[in-house]
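All remarks here apply to the structure that follows.
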């Protein structure tokens, strides 16, 4: 089963990026995991982290705010440090811009969905369960080891991207940890999908910075790197620089804060249901 998922991930690395390919890969990933869930894992499709209830949509929104807001802050810092320069606007003199921009949004939504479904929803979940065995749910080391292993794979998959650097691969690996923690902690893919989509789309479709080495060709802002810099990442984008490292750690911190809030709210609700305030 894992081989089929890895094969699909490998194929996606050689498929030209575009809205149509993102939709096709998203549908193929959904169908594949539905079949695996029904006939192999004996798991409902929603068990891969896709439960569209109120808390799921709320966490999706939080993820979008974390991912998009962090990129916006990194971009403002970069402008103030003269690492990037805005030289124009994508729609000026480009009559087909908005159609391309909408296609870019669809593409990044698809990438955020299918990469999280495959890497976190299937591979990370199954590896965690395999390592956990009969240990109680919530065991720390199986969760940590599974997140680390899948994050390394996530980083290596992006190593073939244009303009990849060692720091860029390390940051993408760290991003895998950032995305894996909220998934295993909540059992929902909402925050990882929201973070992944917004980080990519705001970076490449709004502020005009390369996304993991892929040039921003349909962005609201036309932005150029003034010089290659270890802070902003140069041609690999923020993932290739130390600012990207700080941004990834900031999102991870925000995700952990949300998880702590959820668990405290759950404990408080349990105390109310038992009619006692003992232990508060």
Is the stretch 164-186 home to any residue that is at positive phi, more than 13 Å from the chain's Cα centre (by Cα) and at pLDDT 95 or above? no
When residue 36 is evaluated against the numbered criteria (1) farther than 16 Å from residue 201 by Cα; (2) crowded, with 17+ Cβ neighbours inside 10 Å; (3) touching a strand residue (DSSP E or B) at 6+ places or on another chain (Cβ under 7 Å), which criterion, by number, is the only one it fails? (3)
Reported set for the stretch 204-226 where residues are under 14 Å from residue 79 (Cβ atoms) and either out of contact with any helix residue (DSSP H, G or I) (no Cβ under 7 Å at 6 or more places or on another chain) or modelled with pLDDT of 90 or more (or both) is 206, 207, 208, 209, 221, 222, 223, 224, 226
Residues that are at pLDDT below 90, exposed (fewer than 12 other Cβ atoms within 10 Å of the Cβ) and closer than 15 Å to residue 110 by Cβ: does the stretch 16-32 have at least one? yes
Here the qualifying pairs (Cβ atoms under 6 Å; residues six or more apart or on different chains; first in the stretch 54-82 and over 15 Å from residue 257 (Cα atoms); second surrounded by fewer than 17 Cβ atoms within 10 Å (Cβ to Cβ) and at pLDDT 95 or above) come out as 70/250
All positions within the stretch 104-134 that are modelled with pLDDT of 95 or more and surrounded by fewer than 20 Cβ atoms within 10 Å (Cβ to Cβ): 105, 106
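The values are calculated or read from the model by the stated rules, or taken from the named source; none is laboratory data. All values reported here derive from a predicted model rather than from experimental measurement. Ideal geometry is used to build each Cβ from the backbone, glycine not excepted, and the neighbour counts take in all protein chains shown.
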